Amino acid sequence: AGVRGAPFSPPPRHNLTVPDLQIHVVSSPGSPEDLKNFGLNEQMAKFFRMNDDEHGFVLLPTLLHQGKTGSIQLRSADPLAAPVVNAAYLQHPDDIKTYLAGIKLALKIAQSASMREFTDGTLRINWEECPQTRCGCPNKDLAATPDSFWECMVRTVVSTVYHPAGTAKMGRADDPMAVLDPELRVRGVDNLRVCDASAWPMVISGNTNAPAIMVAERAADIIKAGNRR
(Lines give C-alpha, C1' and ligand atoms only; values in the text may rest on other atoms or scores of the structure.)
Protein backbone atom coordinates (compact mmCIF):
# COMPACT_ATOMS: atom_id res chain seq x y z
CA ALA A 1 0.00 0.00 0.00
CA GLY A 2 1.12 3.55 -0.56
CA VAL A 3 -0.07 7.08 -1.30
CA ARG A 4 -0.34 7.39 -5.09
CA GLY A 5 -1.70 10.91 -5.20
CA ALA A 6 -2.68 13.80 -2.94
CA PRO A 7 -4.50 16.51 -4.91
CA PHE A 8 -5.42 19.76 -3.20
CA SER A 9 -8.77 21.52 -3.41
CA PRO A 10 -9.58 25.25 -3.15
CA PRO A 11 -10.72 26.22 0.34
CA PRO A 12 -14.45 25.90 1.06
CA ARG A 13 -13.97 28.75 3.56
CA HIS A 14 -14.06 32.21 2.03
CA ASN A 15 -11.51 33.66 4.47
CA LEU A 16 -8.67 31.32 3.42
CA THR A 17 -6.35 31.91 0.47
CA VAL A 18 -4.57 28.55 0.68
CA PRO A 19 -5.86 25.01 0.06
CA ASP A 20 -7.87 23.71 2.99
CA LEU A 21 -8.63 20.23 1.70
CA GLN A 22 -6.47 17.38 0.47
CA ILE A 23 -7.65 14.02 -0.90
CA HIS A 24 -5.17 11.22 -0.25
CA VAL A 25 -5.48 8.51 -2.90
CA VAL A 26 -4.07 5.31 -1.42
CA SER A 27 -3.46 2.12 -3.40
CA SER A 28 -4.78 -0.23 -0.74
CA PRO A 29 -7.53 -2.82 -0.44
CA GLY A 30 -8.55 -1.36 2.93
CA SER A 31 -7.22 -4.04 5.25
CA PRO A 32 -7.15 -3.68 9.06
CA GLU A 33 -3.41 -2.93 8.85
CA ASP A 34 -4.06 -0.16 6.32
CA LEU A 35 -6.60 1.47 8.61
CA LYS A 36 -4.19 1.22 11.53
CA ASN A 37 -1.52 3.00 9.47
CA PHE A 38 -3.88 5.95 9.13
CA GLY A 39 -4.55 6.20 12.84
CA LEU A 40 -7.77 4.22 13.20
CA ASN A 41 -7.93 2.02 16.29
CA GLU A 42 -10.00 -1.16 16.59
CA GLN A 43 -13.01 0.72 17.95
CA MET A 44 -13.00 3.02 14.91
CA ALA A 45 -12.13 0.36 12.32
CA LYS A 46 -15.14 -1.82 13.21
CA PHE A 47 -17.39 0.55 11.25
CA PHE A 48 -15.76 -0.49 7.97
CA ARG A 49 -16.22 -3.71 6.02
CA MET A 50 -12.80 -5.07 5.14
CA ASN A 51 -12.04 -5.67 1.49
CA ASP A 52 -11.25 -9.31 0.72
CA ASP A 53 -9.87 -8.43 -2.70
CA GLU A 54 -6.16 -8.21 -3.36
CA HIS A 55 -6.45 -4.80 -4.98
CA GLY A 56 -8.28 -1.62 -4.10
CA PHE A 57 -7.98 2.06 -3.34
CA VAL A 58 -8.97 4.40 -0.55
CA LEU A 59 -9.90 8.09 -0.80
CA LEU A 60 -9.13 10.03 2.38
CA PRO A 61 -10.43 13.63 2.66
CA THR A 62 -8.00 15.56 4.85
CA LEU A 63 -8.60 18.85 6.68
CA LEU A 64 -5.45 20.98 6.34
CA HIS A 65 -6.26 24.04 8.48
CA GLN A 66 -8.62 23.63 11.41
CA GLY A 67 -10.59 26.64 12.55
CA LYS A 68 -9.41 26.63 16.16
CA THR A 69 -5.83 26.55 17.42
CA GLY A 70 -4.98 23.91 19.99
CA SER A 71 -2.54 24.18 22.86
CA ILE A 72 0.33 22.37 24.58
CA GLN A 73 1.01 23.06 28.26
CA LEU A 74 3.43 21.78 30.87
CA ARG A 75 1.87 19.22 33.17
CA SER A 76 4.28 19.93 36.01
CA ALA A 77 7.82 21.03 36.80
CA ASP A 78 8.99 17.50 36.02
CA PRO A 79 10.78 17.65 32.63
CA LEU A 80 9.95 13.97 32.01
CA ALA A 81 6.20 14.38 32.54
CA ALA A 82 4.11 14.19 29.37
CA PRO A 83 2.67 17.58 28.36
CA VAL A 84 -1.04 18.38 28.35
CA VAL A 85 -2.14 18.44 24.71
CA ASN A 86 -5.44 19.90 23.51
CA ALA A 87 -5.57 19.49 19.73
CA ALA A 88 -8.95 21.31 19.46
CA TYR A 89 -10.09 18.90 16.77
CA LEU A 90 -13.53 19.61 15.27
CA GLN A 91 -14.19 22.41 17.74
CA HIS A 92 -14.94 24.94 15.00
CA PRO A 93 -18.04 24.56 12.77
CA ASP A 94 -15.98 25.23 9.64
CA ASP A 95 -14.01 22.03 10.29
CA ILE A 96 -17.11 19.90 9.69
CA LYS A 97 -18.05 21.99 6.63
CA THR A 98 -14.65 21.30 5.12
CA TYR A 99 -14.92 17.58 5.81
CA LEU A 100 -18.38 17.47 4.25
CA ALA A 101 -17.01 19.15 1.14
CA GLY A 102 -14.17 16.61 1.05
CA ILE A 103 -16.51 13.64 1.43
CA LYS A 104 -18.74 14.85 -1.40
CA LEU A 105 -15.71 15.41 -3.62
CA ALA A 106 -14.43 11.89 -2.84
CA LEU A 107 -17.85 10.42 -3.66
CA LYS A 108 -17.93 12.36 -6.92
CA ILE A 109 -14.53 10.94 -7.86
CA ALA A 110 -15.43 7.36 -6.87
CA GLN A 111 -18.72 7.46 -8.76
CA SER A 112 -17.34 9.10 -11.91
CA ALA A 113 -17.45 7.33 -15.26
CA SER A 114 -13.66 7.05 -15.29
CA MET A 115 -13.71 4.99 -12.08
CA ARG A 116 -16.47 2.57 -13.10
CA GLU A 117 -13.85 0.03 -14.18
CA PHE A 118 -12.48 -0.10 -10.63
CA THR A 119 -15.41 0.50 -8.26
CA ASP A 120 -19.19 0.63 -8.12
CA GLY A 121 -18.94 3.63 -5.80
CA THR A 122 -20.67 1.99 -2.84
CA LEU A 123 -19.64 2.69 0.74
CA ARG A 124 -18.02 -0.18 2.64
CA ILE A 125 -19.54 0.30 6.09
CA ASN A 126 -20.83 -2.15 8.70
CA TRP A 127 -24.27 -0.60 9.12
CA GLU A 128 -25.07 -2.73 12.17
CA GLU A 129 -22.23 -0.95 14.01
CA CYS A 130 -23.51 2.49 13.09
CA PRO A 131 -26.04 4.22 15.38
CA GLN A 132 -28.20 5.18 12.40
CA THR A 133 -31.05 6.55 14.51
CA ARG A 134 -28.71 9.24 15.81
CA CYS A 135 -27.21 10.48 12.56
CA GLY A 136 -29.70 9.57 9.84
CA CYS A 137 -29.76 6.54 7.55
CA PRO A 138 -27.67 6.79 4.38
CA ASN A 139 -29.61 6.69 1.14
CA LYS A 140 -28.87 4.24 -1.63
CA ASP A 141 -27.88 7.36 -3.56
CA LEU A 142 -24.96 8.46 -1.39
CA ALA A 143 -24.99 11.93 -2.91
CA ALA A 144 -28.44 12.40 -1.33
CA THR A 145 -27.40 11.12 2.11
CA PRO A 146 -28.05 13.77 4.80
CA ASP A 147 -25.11 15.75 6.09
CA SER A 148 -26.00 14.59 9.62
CA PHE A 149 -24.88 11.06 8.70
CA TRP A 150 -21.53 12.20 7.30
CA GLU A 151 -20.93 14.48 10.30
CA CYS A 152 -21.59 11.55 12.61
CA MET A 153 -19.10 9.42 10.68
CA VAL A 154 -16.47 12.17 10.78
CA ARG A 155 -16.82 12.61 14.55
CA THR A 156 -16.66 8.83 15.01
CA VAL A 157 -13.69 7.82 12.84
CA VAL A 158 -11.62 10.97 12.17
CA SER A 159 -7.87 10.55 12.83
CA THR A 160 -4.62 12.40 12.29
CA VAL A 161 -1.96 11.76 9.66
CA TYR A 162 1.48 12.10 11.21
CA HIS A 163 2.24 15.78 10.61
CA PRO A 164 2.09 17.77 13.86
CA ALA A 165 3.95 21.06 13.56
CA GLY A 166 4.17 24.60 14.88
CA THR A 167 4.64 23.88 18.59
CA ALA A 168 7.61 26.28 19.00
CA LYS A 169 6.69 29.30 16.94
CA MET A 170 9.32 31.52 15.33
CA GLY A 171 8.46 35.22 15.28
CA ARG A 172 9.19 38.80 16.20
CA ALA A 173 10.27 39.89 19.65
CA ASP A 174 6.90 41.56 20.31
CA ASP A 175 4.96 38.33 19.64
CA PRO A 176 4.24 36.71 23.04
CA MET A 177 3.64 33.32 21.39
CA ALA A 178 6.97 33.27 19.54
CA VAL A 179 9.47 31.25 21.59
CA LEU A 180 12.05 31.39 18.76
CA ASP A 181 13.68 34.42 17.21
CA PRO A 182 14.08 34.75 13.40
CA GLU A 183 17.34 32.75 13.61
CA LEU A 184 15.58 29.84 15.35
CA ARG A 185 17.19 30.55 18.73
CA VAL A 186 15.15 29.77 21.84
CA ARG A 187 14.47 33.03 23.65
CA GLY A 188 15.92 33.08 27.17
CA VAL A 189 18.12 30.01 26.65
CA ASP A 190 21.71 30.22 25.42
CA ASN A 191 23.09 27.97 22.68
CA LEU A 192 19.80 26.27 21.83
CA ARG A 193 17.96 26.31 18.51
CA VAL A 194 14.89 24.47 17.22
CA CYS A 195 15.45 23.50 13.60
CA ASP A 196 12.45 21.50 12.49
CA ALA A 197 8.73 21.82 11.71
CA SER A 198 8.10 23.04 15.27
CA ALA A 199 9.36 26.48 14.25
CA TRP A 200 6.66 27.27 11.70
CA PRO A 201 4.33 30.11 12.69
CA MET A 202 1.50 28.21 11.01
CA VAL A 203 1.14 24.70 9.63
CA ILE A 204 1.65 24.49 5.88
CA SER A 205 -0.95 22.97 3.57
CA GLY A 206 1.33 20.36 2.00
CA ASN A 207 3.32 17.50 3.45
CA THR A 208 6.02 18.49 5.92
CA ASN A 209 9.11 16.49 4.94
CA ALA A 210 10.75 18.78 2.37
CA PRO A 211 9.94 22.05 4.20
CA ALA A 212 11.37 20.61 7.45
CA ILE A 213 14.61 19.79 5.61
CA MET A 214 14.63 23.35 4.27
CA VAL A 215 14.36 24.76 7.82
CA ALA A 216 17.28 22.60 8.95
CA GLU A 217 19.42 23.62 5.98
CA ARG A 218 18.65 27.28 6.62
CA ALA A 219 19.62 26.83 10.28
CA ALA A 220 22.92 25.24 9.19
CA ASP A 221 23.64 28.26 6.98
CA ILE A 222 22.86 30.66 9.85
CA ILE A 223 25.13 28.75 12.26
CA LYS A 224 27.99 28.57 9.75
CA ALA A 225 27.66 32.28 8.99
CA GLY A 226 27.80 33.07 12.71
CA ASN A 227 30.93 31.00 13.17
CA ARG A 228 32.71 32.97 10.43
CA ARG A 229 32.15 36.32 12.13
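The values are calculated or read from the model by the stated rules, or taken from the named source; none is laboratory data. This structure is a prediction, so every number in the text was calculated from the model and none was measured. Heads up, the Cβs are rebuilt from the backbone with ideal geometry, glycines too, and the neighbour counts pull from every protein chain shown. The area values use the complete protein model at the heavy-atom level, side chains included, leaving out ligands, DNA and RNA. Shrake-Rupley method; radii C 1.70, N 1.55, O 1.52, S 1.80 Å.
For first residues located in the stretch 103-115 and under 23 Å from Arg155 (Cα atoms), partners that are open to solvent by 60 Å² or more (accessible area, probe 1.4 Å) and lie 6+ apart or on another chain with Cβ distances below 7 Å form the pairs Leu107/Ala143. Residue-level check: of (1) under 25 Å from Ala87 (Cα atoms); (2) not in a helix (DSSP H, G or I), Ile213 misses just (2). Here Ala144 clears all of (1) closer than 30 Å to Ile125 by Cβ; (2) open to solvent by less than 70 Å² (accessible area, probe 1.4 Å); (3) under 21 Å from the mean Cα position of the chain (by Cα) except the condition numbered (3).
Against the condition within 16 Å of the chain's Cα centre (by Cα) and surrounded by 17 or more Cβ atoms within 10 Å (Cβ to Cβ), how does Val194 come out, does it pass? Spell out the reasoning first.
Numbers: within 16 Å of the chain's Cα centre (by Cα): no; surrounded by 17 or more Cβ atoms within 10 Å (Cβ to Cβ): yes.
In short, no.
Which numbered condition trips up Ile204, out of (1) of a type outside the set (Lys, Arg); (2) open to solvent by less than 40 Å² (accessible area, probe 1.4 Å); (3) under 27 Å from Val26 (Cβ atoms); (4) modelled with pLDDT of 85 or more? Checking Ile204 against (1) of a type outside the set (Lys, Arg); (2) open to solvent by less than 40 Å² (accessible area, probe 1.4 Å); (3) under 27 Å from Val26 (Cβ atoms); (4) modelled with pLDDT of 85 or more, the one that fails is (2). Determine whether Ala88 is farther than 15 Å from Leu21 by Cβ, within 17 Å of the chain's Cα centre (by Cα) and surrounded by fewer than 16 Cβ atoms within 10 Å (Cβ to Cβ). Criteria met by Ala88.
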